[in-house]
Each structure stands twice: as C-alpha cells, then as structure tokens.
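Just so it is clear, none of the values below were taken in a lab; they were calculated from the coordinates. Not measured: the values here are computed from a predicted model. Glycine also receives a Cβ, built like all others from the backbone with ideal geometry; neighbour counts cover every protein chain displayed.
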C-alpha cells in the first residue's frame with residue numbers, strides 16, 4: 001500500500017478557492033487508473049493543539065504500489081487538475097509513505 005497525502009493552503013483573496021479545489025479534485029482524480037481510495041475534504045476544526053488547522057483542504061489517495069502512484073503523477077487527468085487548480089492555492093505540502 002502506498003499513501004499520497006496532499007495539503008493545500010488556498011488563496012485567501014479567492015473566496016471560493018477551497019470549494020473549487022475540492023470540486024476539481026473530485027472531478028479529475030478518483031477515476032484515474034490505480035487510485036484505490038480517494039478522499040478530499042476541508043480542514044476539520046479540533047480543540048487538540050496537535051492538530052494543524054492552518055490549511056484549508058486535504059487530499060488522501062491510496063495506491064497499491066509507489067510505481068502506480070508515479071504513473072498517476074503523469075496521468076493527463078492529474079495534470080489537468082493541477083493546471084485548472086494551481087491558481088487557487090498559495091502553498092502545497094505532500095506526504096508520501098508506504
């Protein structure tokens with residue numbers, strides 16, 4: 001199993017950016033071959049100090065192997081998601097793990 005977690009800080013100057021990132025991810029990413037699990041959502045508030053609440057959107061994808069995730073990175077639908085969405089965020093952090 002290979003997990004690909006992406007955290008997005010959306011542009012505060014674009015009031016609908018958070019919703020648009022979620023909508024674009026839902027439109028382009030789950031049907032890409034090799035995606036075993038797809039979850040995207042807005043940051044959930046927490047009273048716990050250890051929970052980072054500085055971001056707006058998180059994306060969690062699972063693949064069978066790292067190789068399959070590498071293929072996903074070059075898939076036209078993933079590239080289209082990035083192209084149509086990159087103006088909506090100011091920062092992105094990726095966490096990949098096996």
Kindly provide the helix-only [θ] at 222 nm of the chain, computed as the sum of -39,500 (n - 2.57) over DSSP H runs of four or more divided by all residues, to the nearest 500 deg cm²/dmol? -9500 deg cm²/dmol
Evaluate the relative contact order of the stretch 10-58 (contact order divided by residue number), counting alpha-carbon pairs under 8 angstrom at least 6 apart; express in whole percent. 39 percent
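Treat the count of other C-beta atoms within 10 Å as a stand-in for reagent exposure and order 20, 71, 98, 83 from fewest to most.
On the way: 20 18, 71 15, 98 8, 83 11.
Ranking 20, 71, 98, 83 by Cβ neighbours within 10 Å, fewest first, gives 98, 83, 71, 20.
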The chain - percent relative contact order, Cα under 8 Å, separation 6 or more: 50 percent
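Rounded, prolate or oblate: which fits the stretch 53-98 when a ≥ b ≥ c are the square roots of the eigenvalues of the alpha-carbon gyration tensor, with rounded for a/c under 1.5 and prolate only if a/b beats b/c?
Oblate, since a/c reaches 1.5 and b/c is not below a/b.
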Max mean-square fluctuation residue, GNM over the chain, Cα-Cα springs under 10 Å, options 16, 60, 24: 16
Cα centroids of the stretch 61-77 and the stretch 39-57: how far apart, whole angstrom? 25 Å
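Report, in cubic angstrom per residue, the convex hull volume of the C-alpha atoms of the chain. Walk me through the numbers before you get to the answer.
Values: hull volume 9.5 nm³, N = 98.
Cα-based convex hull of the chain, divided per residue, equals 96 Å³.
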In degrees, nearest 10, the alpha-carbon axis of helix 17-28 is tilted away from the dominant principal axis of the alpha carbons of the chain by 10 degrees
Give the Rg (one decimal place) followed by the Dmax (whole number) of the stretch 28-85, computed from C-alpha coordinates and expressed in Å. 13.8, 40
Choose one answer from 44, 25, 58: the residue with the largest mean-square fluctuation in a GNM of the chain with alpha-carbon springs under 10 Å. 44
